[in-house]
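For reference, the structure discussed in these notes is given below.
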2 protein chains.
Amino acid sequence: MHIDFFETAELLLQKCWQLLDQASREGRHPLRTPVVGTVGSGGRQAELRTVVLRAVDPAARRLTFYTDRRSPKVEQLRQSQRVSWLFYDPGLALQIRATGEAVLHSRDEAAASAWRSLPAEHRKNYGATMPSGTAIEAPGQELPALWMENPPALEHTDYAFDHFLLVATVVEEIEGLLLHEQGHRRAQFRWSGEKQVWKGGWIVP
Amino acid sequence: MHIDFFETAELLLQKCWQLLDQASREGRHPLRTPVVGTVGSGGRQAELRTVVLRAVDPAARRLTFYTDRRSPKVEQLRQSQRVSWLFYDPGLALQIRATGEAVLHSRDEAAASAWRSLPAEHRKNYGATMPSGTAIEAPGQELPALWMENPPALEHTDYAFDHFLLVATVVEEIEGLLLHEQGHRRAQFRWSGEKQVWKGGWIVP
């Protein structure tokens, strides 16, 4: 990779947001499928899952993913709103980490707007008759009969939309780590609410 | 992917361990660079980072990574020993999650044996003069003068080995999720200490 945008820590920060923004709009970008971590088991254990980065707003410091309202991570987010993101682009050898507070949108205008722009085949994912994690006898048992008979029907039902949850994260800390044979480079920034700027710089990788 | 090993949940479990074992011995296997999550900030926040899967022992249910003893995750592991792993293979469209308890090995026979088999250029990573996360003026400032003058020298010093930590995780819960257009499949298993077997089956993806 060209490491010119790594000449200063500030340029790296800027590039991270730019790449994330780009990834949210590209189908196959490696930064589009990050890992999101929450805290479960009463604060004892990290819970990880891969999500799709759905929207990025660098000015509002916002990263967004979607989930099913019945998913265990929603209960975890009610206990601690802290969300940790980890992105990795093998081609760039760049890892981005970000942490912030979750804001949940369900059955509101933000959720409805996102729902409308979601392809029909993705809306189906919210139509399962049982919450994720429920034990079943065989794969597919959770899908409603109407899905089996007539897949496109479900997308029109309120049933699926009722389960749709938009999770926006307002980032408070972000760091970029460039892995490089001649020495890794890592920059870390924290949002200063008082001064309304990112404050930080290089740290030991 | 051939989904024949997904005919039963037990076959998926077996395949997951087999793939992890294989990944730990192959340089470029996508399952070789998982995300590991611990709990930080007094139980409020998940802390994520990419690690290299160094060793797998399916019979002992053990997954191993290496780190620097001065890394923040070591302090996090002292507060809660729970380690969460997330592996993803885009080619197989397979996600594996595993959680368990960490056992730390530093300056013991297990650490020394792993250290001896580590290539010289990797041993250097443990020779930084400052802990990771320390603020620095410019990238590279953490590297000892001797590394700059004569890179191979450091690998022979006890200084680097002193920082080398082997983290073994004994897995208590493991699940495989196969993403598939015709419906995802997810199997989850828990180790039964009493019966000394994995117990579980299909769950809603």
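The values are calculated or read from the model by the stated rules, or taken from the named source; none is laboratory data. From a predicted model like this one, the values you see are computed outputs, not experimental measurements. Don't worry about glycine lacking a Cβ; one is built from the backbone with ideal geometry, like all the others, and counts go over all protein chains shown. In case anyone asks, the SASA skips ligands and DNA or RNA and just uses the protein heavy atoms, side chains included. Shrake-Rupley method; radii C 1.70, N 1.55, O 1.52, S 1.80 Å.
A few notes on this one:
- Consider region A:93-115 and keep the residues that are in a strand (DSSP E or B) and among the charged types (D, E, K, R). The one that is surrounded by the fewest Cβ atoms within 10 Å (Cβ to Cβ) is A:E101.
Residue by residue, here is whether (1) outside any helix (DSSP H, G or I); (2) within 7 Å of chain A (Cβ to nearest Cβ); (3) open to solvent by less than 50 Å² (accessible area, probe 1.4 Å); (4) more than 16 Å from A:G43 (Cβ to Cβ) holds:
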position	(1), (2), (3), (4)
B:A59	yes, no, no, yes
B:T64	yes, no, yes, yes
B:R70	yes, no, no, yes
B:V74	no, no, yes, yes
B:R78	no, no, no, no
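- Filtering region B:169-195 to residues that are within 11 Å of another protein chain (Cβ to nearest Cβ) and more than 22 Å from the chain's Cα centre (by Cα) leaves B:L179, B:H180, B:E181, B:Q182, B:G183, B:H184, B:R185.
- Yes/no for A:V83 being away from chain B (no Cβ under 11 Å) and either of a type in the set (S, T, Y) or open to solvent by less than 30 Å² (accessible area, probe 1.4 Å) (or both): no
- Pair list, Cβ < 6 Å and 6+ apart or interchain, from region B:22-45 residues that are of a type in the set (D, E, K, R) to residues that are surrounded by fewer than 19 Cβ atoms within 10 Å (Cβ to Cβ): none
- Residue count for region A:122-144, restricted to those that are free of Cβ contacts under 8 Å to residues at least 12 places away in the same chain, within 22 Å of A:D158 (Cβ to Cβ) and touching an Asp or Glu at 6+ places or on another chain (Cβ under 8 Å): 1
- Some residue of region B:34-42 being over 12 Å from the mean Cα position of the chain (by Cα) and either farther than 30 Å from A:A93 by Cα or open to solvent by 20 Å² or more (accessible area, probe 1.4 Å) (or both): yes
- Hey, A:A120 more than 16 Å from A:R61 (Cβ to Cβ), of a type in the set (A, V, I, L, M), open to solvent by 10 Å² or more (accessible area, probe 1.4 Å) and within 13 Å of chain B (Cβ to nearest Cβ) or not: no
- Of all residues making up region B:155-199, the number that are on the phi > 0 side of the Ramachandran plot and either touching a residue at least 40 places away in the same chain (Cβ under 8 Å) or not small (G, A, S) (or both): 1
- Filtered residues of region A:15-28 (kept if modelled with pLDDT under 95 and not charged (D, E, K, R)): A:G27
- Verdict on B:E7 being within 22 Å of A:Q45 (Cβ to Cβ) and open to solvent by 40 Å² or more (accessible area, probe 1.4 Å): no
- One residue stands out among those in region B:43-57 that are closer than 18 Å to B:L77 by Cα and of a type in the set (A, V, I, L, M, F, W, C): the one that is most open to solvent (accessible area, probe 1.4 Å), which is B:V52.
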